[in-house]
């Protein structure tokens, strides 16, 4: 009989809670047909709250390594868990008035909970095996969630593209991990790092393995030239899922990237650092220029999120205390900014009779006057994308550029600046469209179903974005505490 | 005790309320006007209580972002006080003019003007680099939205130009500030006082570029004409009256004291650019065929002249530059309001269609003449006093610089005289004949009058101004002057 590894159940309680919640929900739904919406909201939000409760309870504790050392629960893991669960809760709030929630809410919510569990696993992985398990858990769930707008061809098409390209990324990642295993004899990040530090790192196998792992991860974070899926998937997916992906998937993928590069592959920094620098420059410029010519706001923000991923790469390239703290703060606040922006778009789509593909600049004209709160919130989110004070986006940009200029990466900071200037141009197009006076607006639109839930979701995102900009001390402390668990924090 | 933080918070909070709550046109206008007058009242209190030799006053210094060493550190010295005064005055006049002109969606436009005021006061009172930057970059957004949403026909191109120029410069300044703050000995620290002399040439260059664009100095003045021409008159008044002064102020109060060695070494660059801009702007102003373009180019010329004054690096130049900033703010804000009023009344700002307006319009003629006389610096006017100070400094610097400056001042007289004669005198323009615009009356006059009265007051008692400002202005350039061996 094979002895299983010892498991610290409290350390993995958030994931356990999510998985148990998902199955309870599916079972309960089988007995309570017709109450899909209430059931998914109550059980879904309840599970998420329990999960966050476990994470918050463990916040600040010494790191715990469990599951045969393949899973580490430190404050970075907790921060990702909490952020992801909060975003999932916002997804549910935003879905209140969505007819699909009434039809198949239990499946939707269960998949969402499983996505969160997978993301938690990825965030705490210290081994390629756990990483792959978590990655597939959340990716498979997301493929279905993207396709959940069943009647829309765009949604199905987006899901298929995501499935094919996402799987390709996973395969490349696994292939690379296999090469690294061949070179070092370990799937564990620390084992790989120790072996690489001892042996020469010039071997072709190590280079090949590093390159493939890097490509696989860059697929997941969605930076150029591995970004092709991002605009299509973001545009086609149900908008609340788009927001979730822009926030949560990006955060998780970046944490995985940072852990692998800084924990497992610090010895070959000379291999990956130049690649990342080129990728960051190309992505920041390319993503923003592509966004500049979009007329569909959903797609525009998808492109801008590509550019933002390039910007976050600067934090990893620079690393060090300031760079990593900036990275974590930037990504965590970006998650809420992006979700908020997509939540506003979701509300707009619901205001229109046709639900899909309608959030064009032209269609949004003067809508800001009809929905003053959502319109103003959108302005704040767009300014946060552009990194303007007094939003959290400014602080994130400020810390990352500060890290870059003080660590001899001035040119990266300058590229970031150029990206911001381009960004401002298209964000302003949206703002001007929202408040175009030349078109008559229908003041006092009727309340759409789920307006309250959507407004609450937008309000919560707005609070995070503004508090993160006006009183950023606490958030920066949390980010610093979480970032300190990335090994190479100089 | 009211500190300057209140003058920032009150308009900012009022702006948010105006944006979020469904105010009617009348209510929004009166609330905005009341807030701007309250700020002006606070400023008058400051002027009354101000101690010229007391250094920074009415300030606050509390921790803001502790882990980054950023503090909410604001204070008012003589130069700041001058700038905050014109900000409060011009904002109130601009809001008054907006009420009179009746903008649609007026509550949003008033909110954005108030927001601009808050950010501007932040710039003028900042003693921490991040606070300064937040104000400097923050004001860009409301001004851009005002231009993009309420601007004239060519507003789209104007917006793109403003973004391309000013946003780029401002963001480069952010990198300079990040470098200064994060490399401070003993952990990150963004206090201006602690950053003195720590920057290298590159940091200086990035910082200076932002200010050169903002001011603007030749050859980065491309964005100014479209922005000033396409904005609505009250926004153009704020833009040219105060927002452009943020650049000039920052040269004097931030760049020169923070980088004394570089300021002394590269002073000749700014003096050269300032001289070129002064002459070139005046020449272009002379060639324009409509009122707003004349004022826009004259603004470029005047800002160049002011920055030239700053980089003379002596007491007279600095005090003269501050005085000239105030004078020019009053003149250009009033002229933009007047030119905008003319355009709405006569249907065009082009000299082709105007002319002969002085006939049977005594109030308009008087106001325009007073402003024109002030702008061309007739002896006895406050502009004469400030230009004379700068000219003295220039002669002190070298005889040829003084001579060039004197020629430039003559140019200024030429384009202003041309404007006066084209609008007020000469043959009656076709639009003047057909539309028969009324004389300046009540509403519009009430918005112009405070600016004109301030000009007259400063002309009568310029010492009231220079006594308050001289000590601070001299202190700001003293270490750079020492570096320059003066």
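The values are calculated or read from the model by the stated rules, or taken from the named source; none is laboratory data. This structure is a prediction, so every number in the text was calculated from the model and none was measured. Backbone-built Cβ (ideal geometry, glycine too); neighbour counts: all protein chains shown.
Brief remarks follow.
- Boolean, residue A:236 is modelled with pLDDT under 85 and buried (at least 24 other Cβ atoms within 10 Å of the Cβ): yes
- Restricting attention to the range A:411-433, the residues that are more than 9 Å from chain B (Cβ to nearest Cβ), more than 27 Å from residue B:112 (Cβ to Cβ) and surrounded by 24 or more Cβ atoms within 10 Å (Cβ to Cβ) total 1.
- Qualifying residue in the range A:36-58 (condition: out of contact with any helix residue (DSSP H, G or I) (no Cβ under 6 Å at 6 or more places or on another chain) and part of a loop (DSSP other than H, G, I, E, B)): no
- Apart from one condition, residue A:220 fits all of (1) at pLDDT 90 or above; (2) more than 20 Å from residue A:482 (Cα to Cα); the exception is (1).
- Considering the range B:143-229, the qualifying helices (runs of 4 or more DSSP H), each wholly inside and each with 1 or more residues that are within 12 Å of chain A (Cβ to nearest Cβ) and under 26 Å from residue B:257 (Cβ atoms), run over B:168-182, B:201-214.
- Tallying residues that are under 17 Å from residue A:122 (Cβ atoms) and in a helix (DSSP H, G or I) within the range A:194-234 yields 8.
- With respect to (1) crowded, with 23+ Cβ neighbours inside 10 Å; (2) at the interface with chain A (Cβ under 10 Å from one of its Cβ atoms), the lone exception for residue B:105 is condition (1).
Results for (1) modelled with pLDDT under 90; (2) touching a helix residue (DSSP H, G or I) at 6+ places or on another chain (Cβ under 6 Å); (3) on the phi > 0 side of the Ramachandran plot; (4) surrounded by fewer than 20 Cβ atoms within 10 Å (Cβ to Cβ), shown as yes or no for each residue.
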{"site": "A:359", "(1), (2), (3), (4)": "yes, yes, no, no"}
{"site": "A:362", "(1), (2), (3), (4)": "yes, no, no, yes"}
{"site": "A:365", "(1), (2), (3), (4)": "yes, yes, no, yes"}
{"site": "A:368", "(1), (2), (3), (4)": "yes, yes, no, no"}
{"site": "A:371", "(1), (2), (3), (4)": "yes, no, no, no"}
{"site": "A:374", "(1), (2), (3), (4)": "yes, yes, no, no"}
{"site": "A:382", "(1), (2), (3), (4)": "no, yes, no, no"}
{"site": "A:387", "(1), (2), (3), (4)": "yes, yes, yes, no"}
{"site": "A:390", "(1), (2), (3), (4)": "yes, yes, no, no"}
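- Summed over the range A:356-410, the residues that are assigned to a helix (DSSP H, G or I), without any contact (Cβ under 8 Å) to a residue 12 or more places away in the chain and more than 10 Å from chain B (Cβ to nearest Cβ) give a count of 0.
- Selection within the range B:7-24: residues that are outside any helix (DSSP H, G or I) and surrounded by fewer than 16 Cβ atoms within 10 Å (Cβ to Cβ). The member of this set that is nearest to the other protein chains (Cβ to nearest Cβ) is B:22.
- Evaluation of residue A:350 against the conditions (1) within 13 Å of chain B (Cβ to nearest Cβ); (2) surrounded by fewer than 24 Cβ atoms within 10 Å (Cβ to Cβ); (3) assigned to a helix (DSSP H, G or I) shows that the sole unmet condition is (1).
- Residue A:164, sole failed condition from (1) more than 20 Å from the chain's Cα centre (by Cα); (2) part of a helix (DSSP H, G or I): (1)
- Test result for residue B:35, over 20 Å from residue A:369 (Cα atoms), in contact (Cβ under 8 Å) with a residue 60 or more places away in the chain and within 14 Å of another protein chain (Cβ to nearest Cβ): no
- Residue count, the range B:25-57 (criterion: in a helix (DSSP H, G or I) and farther than 26 Å from residue B:97 by Cα): 2
- Taken together, B:263, B:296, B:267, B:236 contain a single residue that is farther than 20 Å from residue B:341 by Cβ and touching a helix residue (DSSP H, G or I) at 6+ places or on another chain (Cβ under 6 Å), which is B:263.
- Check on residue A:174, surrounded by fewer than 16 Cβ atoms within 10 Å (Cβ to Cβ) and assigned to a helix (DSSP H, G or I): no
- Condition broken by residue B:121, with the remaining ones in (1) more than 20 Å from residue B:14 (Cβ to Cβ); (2) surrounded by 24 or more Cβ atoms within 10 Å (Cβ to Cβ) satisfied: (1)
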